[in-house]
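Shown next, in structure tokens, is the structure this report addresses.
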Amino acid sequence: MLKRLLIWLKGYIILKIKDSSNDRFINLCIKNNIEMWNITDCGDYKSVTVSKKAFGQLEPFLKKTKVNPEISDKKGLPFIFYRYKKRKLFALGVLLFISIIYSFSFFIWDINITGEEIYTDEQILRTLKAYDIDLGTPKKNINCALLEKRLREDYENIAWISCELKGTRLNITINETILPKTIEENTVPCNIVAVKDGIITDIYIESGTRVAGKGDEVKKGDILITGAINLYNDYDELIETSYVPANGKIYAIVSYNYYDSFELSYYEKEYTGKEKRYYGLSFGSKSLKPYKPKIKFDNYDTVETDSRLRLGSVFYLPISLRKGYIKEYVPELKTLSDKDAKDKARLKLNIYIDELTKKGVEILENNVKIEIGDKSCTAQGTIVTKELIGVPSDITVINQGEEETNGIY
């Protein structure tokens, strides 16, 4: 996107070459590093795009090949200025607009979070704000590697996370557990570390040195297989340390604490079909609602959707169009029977277990008990599983006397 903008700022010319020597002319230009692109064969002629600067360098090659090109179009800022040279205010306005758009490119104006299931977007966005990362944050202030590390530390169920800046958007991709099919052989020096607490049941090493063994109780972040291989002499003196990509699979028994509670009596919303709409704008985190209808409903929900403006696929702007709905509903009090409450709690527990199973987790024990109280139903207990807990962790090649550093990626 930025490259296209720079080309447009410099200006470019589209040429139509009908002469039989067009191939020789184009080859000469390329050989002499003349800036040209979009070379297209259109049958009886060839279309070539050259920069405004390069167009002034074509004369010797045109004379040499006796080619007489036809100018098909002129595009870019220099030609706009020339076209409107008597309308200075317009030209100044265009230049100011371009400057503003260019200045936006140094900030993030959209945060995209994918892959989360246990945690919500709102939770992660609040955490990012605590890190001083929000809409309008300068991109230079965001260290993606450090952000990944901090999010893993704050969210214990995150097994893998990737943060990436593309254009003016911050992409955060989360995996809340390990999927066996996503584990690929490592090709760079690394360790294998525990992504969660557990007791090791099986460990299979393909490369690297074993650190933990069967029956060991490990904590999240503990090294299970190291990629640092030490060589000793006959006197047990360290001669050399080499670094390899650690590869292997480590299974462990993991215990999950499950808790869910809900009221037996609840209000169900019966929507009447009556609604009101309103529109607004937002700039960054600031919103402007020039019109919002008067609300005469006793009970209503407000739903707002934002459509952020963008140039291309990743160049987001700080301006959003906001559309709001106000929907009336009538609350209806309902009470669950003991049987219905237990069925609801059991259904929610089964959904939770199914999600674990889909991710390659083997359920060993389900110790969750469902109890009905005076006003609520509570399901709590532990779920014991067997699963993969080893993930790659960066390893820094060190000289003697230096310390090794690790970080899960």
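Which residues' amide hydrogens lie under 5 Å from the amide hydrogen of residue 221, considering only partners 5 or more residues apart or on another chain, with H built in the peptide plane?
Close amide H contacts, sequence-distant or interchain: 194, 195, 196.
Taking H as built 1.01 Å from N, whose amide H comes closer than 5 Å to the amide H of residue 317, not counting residues under 5 places away?
Those qualifying (amide H under 5 Å, at least 5 residues apart or on another chain) are 309, 310, 311.
List every residue whose amide H lies under 5 Å from the amide H of residue 11, counting only residues 5 or more places away in sequence or on a different chain, with H placed 1.01 Å from N in the peptide plane.
Those qualifying (amide H under 5 Å, at least 5 residues apart or on another chain) are 77.
Obtain the nm distance between the two label points defined at residue 103 and residue 154 by a simple spin-label model: each point lies 7 Å from its Cα along the Cα-to-C-beta direction.
3.0 nm
With only Lys, Arg, Asp and Glu charged, each at its Cβ (+1 for the first two, -1 for the last two), find how big the charge dipole of the stretch 154-286 is about the Cα centre; round to the nearest 20 debye.
1060 debye
Take each complete run of DSSP H in the chain, measure how far its Cα atoms stretch along the helix's own axis, and keep only those covering 18 Å or more with mean Kyte-Doolittle hydropathy at least 1.0; list them.
Flagged H segments are 88-104.
When a/c is below 1.5 the answer is rounded, else prolate if a/b is larger than b/c, else oblate, so apply that to the chain with a ≥ b ≥ c taken from the square roots of the Cα gyration tensor eigenvalues.
Oblate.
Full extension from residue 289 to residue 37: what is 0.36 nm times the residue separation minus their Cα-Cα distance, to one decimal in nm?
86.1 nm
Is the shape of the stretch 1-121 rounded, prolate or oblate, going by the alpha carbon gyration tensor and its root eigenvalues a ≥ b ≥ c, with a/c under 1.5 for rounded and a/b larger than b/c for prolate?
Working: a/c = 3.26, a/b = 1.68, b/c = 1.93.
It comes out oblate by the Cα gyration axes.
With a 1.4 Å probe and every protein chain kept in, tell me what percent of the accessible surface of the chain is carbon plus sulfur.
Roughly 50 percent, rounded to a whole number.
List the pairs from 323/348; 16/64; 359/386 whose alpha-carbon separation is above 22 Å, in the order I gave them. Intermediate results must be reported in sequence, preceding the final value.
Numbers: 323/348 33 Å; 16/64 18 Å; 359/386 12 Å.
With Cα atoms farther than 22 Å apart: 323/348.
Restricting to DSSP H runs of at least four residues, report the calculated mean residue ellipticity at 222 nm for the chain, -39500 (n - 2.57) per run over all residues, nearest 500 deg cm²/dmol.
Working: 9 runs with 96 residues, N = 409.
Calculated at 222 nm, the ellipticity per residue is -7000 deg cm²/dmol.
Would you mind classifying the stretch 226-347 by shape? Square roots of the alpha carbon gyration tensor eigenvalues, ordered a ≥ b ≥ c; an a/c under 1.5 is rounded, otherwise it is prolate if a/b is larger than b/c and oblate if not.
Verdict is oblate for the stretch 226-347.
Could you give each residue of the stretch 229-236 its phi-based ³J(HN,Hα) in whole Hz, using Karplus coefficients 6.51, -1.76, 1.60 with θ = phi - 60°, and x for Gly or Pro?
10, 9, 10, 10, 8, 5, 9, 6
When we measure straight from the Cα of residue 269, which aspartates and glutamates land under 13 angstrom away, once same-chain ones fewer than 8 places off are left out?
Within reach: 298, 301, 328, 332.
Keeping all protein chains in place, calculate the accessible area per residue for the chain (probe 1.4 angstrom), answer in Å². Write out the running numbers ahead of the final one.
On the way: 25440 Å² over 409 residues.
Per-residue accessible area for the chain comes out at 62 Å².
The values are calculated or read from the model by the stated rules, or taken from the named source; none is laboratory data. What you see is a predicted model, and the numbers here were worked out from it, not measured in a lab. Note: ideal-geometry Cβ built from the backbone for every residue, glycine included; neighbour counts use all protein chains shown. The accessibility values were calculated without ligands, DNA or RNA, using every heavy atom of the protein model including side chains. Shrake-Rupley method; radii C 1.70, N 1.55, O 1.52, S 1.80 Å.
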